[in-house]
Ligand code: SF4
């Protein structure tokens, strides 16, 4: 976990250099692709990128996916961001009829009881809205970093995202976890208080939990789908209570 503190601090020269290169990439993306949007997850990296975009590359659009199941702290964070920067973030919602049909078929928390249902919930609350959100843009910005996974270690800063049909720009690839928090502290940025309670990443409330020291960062997501539990046929001790009757 990060040891988050707020209060103005100077950035070291190495981080200043990374900031400059990240800003240059964002500004170049606008020149190269015209319309650019940032898919803001509202996690720690997003606080950095939102700050860089709204202060130094304001032509870039920012949106976030409001799945309808976010933590209350996340909605409060959204409001704090809008107040701080005096800008409105574009909120993309799932299609209401799709949500209604899914809940009618699976129950309000049906994602806990069936992997296919969980994936279809993610599809209608995240994947379809994301595709809608980036439609018509020349490029989209991500907050991925090289050190986050072996796959992400291979990502170039700019590439064509063939699956979505537009360019993808990753301006903070070479930032470390400590860089992200050093920037947040130095600038006194707002961030989700759940990070201080053991949440390395923050998604939908029912599908994200805090992690224990030593656990993988992704262990807090869809934890009931734990591979070991499935293989031995036992339910995870963290599995939610039994499904309510239909
Ligand atoms: S994370 Fe959970 S609540 Fe959110 S879209 Fe996926 S299954 Fe649904």
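Any read-out appearing in this document is the output of simple, stated calculations on the displayed coordinates, not a laboratory observation. This structure is a prediction, so every number in the text was calculated from the model and none was measured. Quick reminder, even Gly has a Cβ in these numbers, built from the backbone with ideal geometry, and neighbours come from all protein chains shown.
Just from its helices, what would the mean residue ellipticity at 222 nm be for the chain, if runs of 4 or more DSSP H residues each count -39500 (n - 2.57) and the sum is divided by every residue, rounded to the nearest 500 deg cm²/dmol?
Using -39500 (n - 2.57) per qualifying helix, the result is -11500 deg cm²/dmol.
Could you rank the peptides 124-132, 181-189 by their average count of other C-beta atoms within 10 Å per residue, with the highest value first? List each step's numbers first, then the result.
Numbers: 124-132: 17.1, 181-189: 19.1.
For the peptides 124-132, 181-189, the packing ranking is 181-189, 124-132.
Just order 21-34, 153-166 by mean Cβ neighbour count inside 10 Å, highest at the front, would you?
Values: 21-34: 16.9, 153-166: 12.4.
Top of the packing list down: 21-34, 153-166.
Count the DSSP beta bridges whose two residues both fall in segment 13-204, then state the antiparallel fraction as a percent rounded to the nearest 5. The partial results should precede the final answer.
Numbers: 5 of 17 bridges.
Taking every DSSP beta bridge within segment 13-204, about 30 percent pair in antiparallel fashion.
Modelling each spin label as a point 7 Å along the Cα-to-Cβ direction, I'd like the residue 55/residue 33 distance in nm, to one decimal.
Spacing of the two 7 Å Cα→Cβ label points: 2.3 nm.
Would you mind checking the tilt of helix 177-187 against the longest principal axis of the Cα atoms of the chain, expressed as 0 to 90 degrees and rounded to 10?
60 degrees
Nearest 10 degrees is fine. How inclined is helix 13-33 to the longest principal axis of the chain, computing both from alpha carbons?
The angle comes out near 80 degrees.
Angle check, please: helix 44-56 long axis (alpha carbons) against the longest principal axis of the chain (alpha carbons), in degrees 0 to 90, nearest 10.
Between helix and principal axis, roughly 40 degrees.
Report the relative contact order of the chain, percent, no decimals, based on alpha-carbon pairs under 8 angstrom and at least 6 residues apart.
For the chain, the relative contact order is 27 percent.
For the chain, report the convex hull volume of the alpha-carbon atoms normalised per residue, in Å³, without decimals. Present the calculation step by step, with values, prior to reporting the outcome.
On the way: hull volume 34.8 nm³, N = 246.
Cα convex hull per residue, to the nearest whole number: 142 Å³.
What length, rounded to one decimal in nm, is gained on full extension from residue 83 through to residue 212, with 0.36 nm per residue of separation minus their alpha-carbon distance? Please list the in-between numbers first.
Working: separation 129, 0.36 × 129 = 46.44 nm, distance 3.32 nm.
Gain on extension, residue 83 to residue 212, equals 43.1 nm.
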